[in-house]
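A quick write-up on the structure given underneath.
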Amino acid sequence: LLLPLASPLSDEGKALMSIKASFSNVANVLLDWDDVHNDDFCSWRGVSCSNFSTSVAALNLSSLNLGGEISPAIRDLKNLQSLDLQGNNLTGQIPDEIGYCVYLMHLDLSNNILYGDIPFSISKLKQLDFLNLKNNQFTGPIPSTLTQIPNLKTLDLAQNQLTGEIPRLIYWNEVLQYLGLRGNSLTGSLSPDMCQLTGLWFFDVRGNNLTGTIPENIGNCTSFEILDISYNQITGEIPYNIGFLQVATLSLQGNRLTGKIPEVIGLMQALAVLDLSENELVGPIPSILGNLSYTGKLYLHGNKLTGRIPPELGNMTKLSYLQLNENQLNGVIPAELGKLEQLFELNLANNNLEGPIPDNISSCTALNQLNVHGNHLNGSIPSGLKHLESLTYLNLSSNQFMGSIPVELGHIINLDTLDLSSNGFTGQIPASVGDLEHLLTLNLSHNHLDGHIPAEFGTLKSIQEIDISFNTLWGSIPEELGQLQNLASLILNDNNLNGRFPNQLTNCLSLDNLNISYNNFTGVIPQGKNFSRFPPDSFIGNPLLCGNWPGSICDPTPKI
Amino acid sequence: RVLSRRRLGGPGSSPPTCRSKCGKCLPCKPVHVPIHPGFSMPLEYYPEAWRCKCGNKLFMP
């Protein structure tokens, strides 16, 4: 041989070459893993050797778009302490041989496409303190032998397809700090033993199939900072004992919890997030919740809560999200909510609220979304609403509001949705609505609006949906609407609109839903630019309108 | 790292005081910090925990 003779690779060098060989898509990223031209594997990308030796201590090949599988040759990296392959496209199973890497402390295989069971051999890794297998396709049960890893601090198995029960032994671990099991198909119930996790701060079983009740002794889990048992099938009442928790996040949403909201929750001032939404809770919102002056997010929507909105909620000065929608709340919207200067989203939709929108709401200057749809609210739109310059979503639909649409609405320049439909609004549509250049959806339907469609609608350059049906509008369709390049839906039916249908609307190339039925239009429907795609239903009820449908005054089908 | 802010005797909790939790850095204030549980749905909020903040540094309560 005339080639310069490379010194023979050690077992570990050969193991690395085997590991490379079982990966795919290595061409660009593992160029320097080349035993012919560089046998110093400690210098290869992602390889770290321990001091004073040529033994691989860490292998970090995260987020390199690697495919293929993890080679069983991993067993020959006998001194490996850290293996990070997260964020690739690795498939296949975890090789049982991983169990020979007995010095492994950090194992991160998250965000790959690995499948099969979690091998029992992982339990042989007695030094392991971090195990992350999140977001793969692992199946089968959580091996109860994982509880034999004495130093495990982080166990993250979220977003897999794991089944069976959470092994109770896992709870008898004073070292474990982080238990992430969200997004699997785990069954069984929460065990009272979970509070034996005296060092745990993060407990997340969101989105599994857990049943049974919240353990009565839940308040003993005093080290928990985050308790997320949302989106399971947990039943029963919220135990009083929950008030002893020290958590910052309590997420119980999307279960089948019944009974009342325990008053004691109002003493949990460490709560940053309280989410009891989408359960079957009854009774009133305890006014003591107003004590939660450090809470930023309060979600109680989707229950069967009754009674009034406690004015004390106005004392929750850090609140940015307040969702009370989809309940059976009655009474008025308390003016005290105007004290919530950091409020970003207020959703009171689909309750039985009555009375006006209090003027004080205009003090919530951070408000971005306001939804009161589907109540019995009355009165007129408060003029102060124009001060809510951050509003992007305003929905007052399906109430009993009266009066005219204030010109000042056109000043809320960031609106993308304005829905005033199904109320008793009268008068004309103010031309200032045309100033809402970011508006995507405008719904003024089912009111008593009269007058013309403002030509200024032609400046709603982002608009996708306009619905002003079921009013008493008259006059013609402004030809300026032909400028609306994003308009997908134009609903004008059941008004008294008349005149000729403007040819300019054939320029609205995005338009695929048009309804001008039951008006008094005359003339001929334009046929150009595929305008014939609209069915006769778009046009019926205009006796003097000529088009290509049976029954039209210029019906082309021969009459017998 | 067990948080010891339990009031004696009854239920309830309060945010950490952060008294001398930021080393020599002042002022040391409690803040909400989102904890990324990984792979959540779009628009879904993250769970939050308390940390002590001084300048742009975070410390355990």
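Structure data summary
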read-out: Where A:Phe23 falls short, out of the listed (1) aromatic (Phe, Trp, Tyr); (2) open to solvent by 30 Å² or more (accessible area, probe 1.4 Å); (3) closer than 21 Å to A:Leu114 by Cα; value: (2)
read-out: Filtered residues of the range A:326-360 (kept if under 18 Å from A:Asn395 (Cα atoms), of a type in the set (A, V, I, L, M) and open to solvent by 20 Å² or more (accessible area, probe 1.4 Å)); value: A:Val332
read-out: Every residue from the range A:503-522 that is in contact with an Asp or Glu (Cβ under 9 Å, 6 or more places away or on another chain) and open to solvent by 10 Å² or more (accessible area, probe 1.4 Å); value: A:Asn503, A:Gln504, A:Asn513, A:Asn515, A:Tyr518
read-out: Residue list for the range A:239-257, filter: more than 9 Å from chain B (Cβ to nearest Cβ) and under 25 Å from the mean Cα position of the chain (by Cα); value: A:Leu250, A:Leu252, A:Gln253, A:Gly254, A:Asn255, A:Arg256, A:Leu257
read-out: Residue within the range A:422-438 that is surrounded by fewer than 21 Cβ atoms within 10 Å (Cβ to Cβ), of a type in the set (A, V, I, L, M, F, W, C) and over 23 Å from A:Asn351 (Cα atoms) present; value: yes
read-out: Those residues of the range A:207-229 which are at negative phi and facing chain B (nearest Cβ under 10 Å), in sequence order; value: A:Gly219, A:Thr222, A:Ser223, A:Phe224, A:Glu225, A:Ile226, A:Leu227, A:Asp228
read-out: Any hit, the range A:40-48, residues being outside any loop (DSSP other than H, G, I, E, B) and aromatic (Phe, Trp, Tyr); value: yes
read-out: Condition met for A:Leu490 (within 33 Å of the chain's Cα centre (by Cα), at pLDDT 95 or above and either in a loop (DSSP other than H, G, I, E, B) or under 25 Å from A:Asn395 (Cβ atoms) (or both)); value: yes
read-out: Test: A:Ile463 is within 19 Å of A:Gln369 (Cα to Cα), open to solvent by 10 Å² or more (accessible area, probe 1.4 Å) and either part of a loop (DSSP other than H, G, I, E, B) or among the acidic types (Asp, Glu) (or both); value: no
read-out: From the options A:Ser390, A:Ser380, A:Ser404, A:Ser397, residue that is of a type outside the set (A, V, I, L, M, F, W, C) and farther than 15 Å from A:Ser421 by Cα; value: A:Ser390
read-out: Those residues of the range A:361-387 which are open to solvent by less than 10 Å² (accessible area, probe 1.4 Å) and of a type in the set (A, V, I, L, M, F, W, C), in sequence order; value: A:Ile361, A:Cys364, A:Leu367, A:Leu370, A:Val372, A:Leu377, A:Leu385
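The values are calculated or read from the model by the stated rules, or taken from the named source; none is laboratory data. Because the structure is predicted, anything quoted here is derived from the model rather than measured. FYI the Cβ positions are ideal-geometry reconstructions off the backbone, even for glycines, and counts take in every protein chain you see. Keep in mind that these areas ignore ligands, DNA and RNA; they rest on the heavy atoms of the full protein, side chains included. Shrake-Rupley method; radii C 1.70, N 1.55, O 1.52, S 1.80 Å.
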